[in-house]
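The values are calculated or read from the model by the stated rules, or taken from the named source; none is laboratory data. Computed from a predicted structure; not experimentally measured. Positions of Cβ are backbone-derived with ideal geometry, glycine not excepted, and every protein chain shown enters the neighbour counts.
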Amino acid sequence: MGYEWYRDNTYQLTDTGHDSNDRMAAIERALEYPGGEGKIPLGIFYQNNDTPSYEEQVPVLEAGPLADQPLRKYPIEKYRELLDELF
């Protein structure tokens with residue numbers, strides 16, 4: 001399967017006038033190819049602009065990605081006190 005196969009067996013949803021705000025149309029498009037018949041649709045199937053993104057719903061991410069945030073939020077002494085209580 002190379003470039004030619006993908007070119008011949010896929011299509012962009014935007015080329016068909018697909019409405020990405022229509023949830024039912026998105027489901028119908030997603031179910032078009034499972035049997036291997038026809039072409040595989042590519043693109044944005046569904047997009048809901050009324051719902052906030054995941055990042056907007058989780059306050060800790062306001063400071064940026066978790067990977068960029070420091071591991072220790074409190075001084076090391078606080079962690080040692082907690083460990084002493086547990087063990």
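Is it fair to say Tyr79 is part of a helix (DSSP H, G or I) and either in contact (Cβ under 8 Å) with a residue 24 or more places away in the chain or surrounded by 10 or more Cβ atoms within 10 Å (Cβ to Cβ) (or both)?
Yes.
Does segment 43-62 include one or more residues that are more than 30 Å from Thr14 (Cα to Cα), touching a helix residue (DSSP H, G or I) at 6+ places or on another chain (Cβ under 8 Å) and part of a loop (DSSP other than H, G, I, E, B)?
Within segment 43-62, not a single residue is more than 30 Å from Thr14 (Cα to Cα), touching a helix residue (DSSP H, G or I) at 6+ places or on another chain (Cβ under 8 Å) and part of a loop (DSSP other than H, G, I, E, B).
For a quick check of your reading of the model, give me the residue pairs whose first member lies in segment 1-24 and is under 13 Å from Ile40 (Cβ atoms) and surrounded by 13 or more Cβ atoms within 10 Å (Cβ to Cβ), whose second is modelled with pLDDT of 95 or more and of a type in the set (Asp, Glu), with beta-carbon atoms closer than 9 Å and at least 6 apart or on different chains.
No pair meets every condition.
Go through (1) exposed (fewer than 10 other Cβ atoms within 10 Å of the Cβ); (2) modelled with pLDDT under 90; (3) part of a helix (DSSP H, G or I) for Ala67 and report which single condition fails.
Single failed check for Ala67: (2).
Restricting to segment 2-35, name every residue that is assigned to a helix (DSSP H, G or I) and closer than 25 Å to Thr51 by Cα.
Of everything in segment 2-35, those that are assigned to a helix (DSSP H, G or I) and closer than 25 Å to Thr51 by Cα turn out to be Leu13, Thr14, Arg23, Met24, Ala25, Ala26, Ile27, Glu28, Arg29, Ala30.
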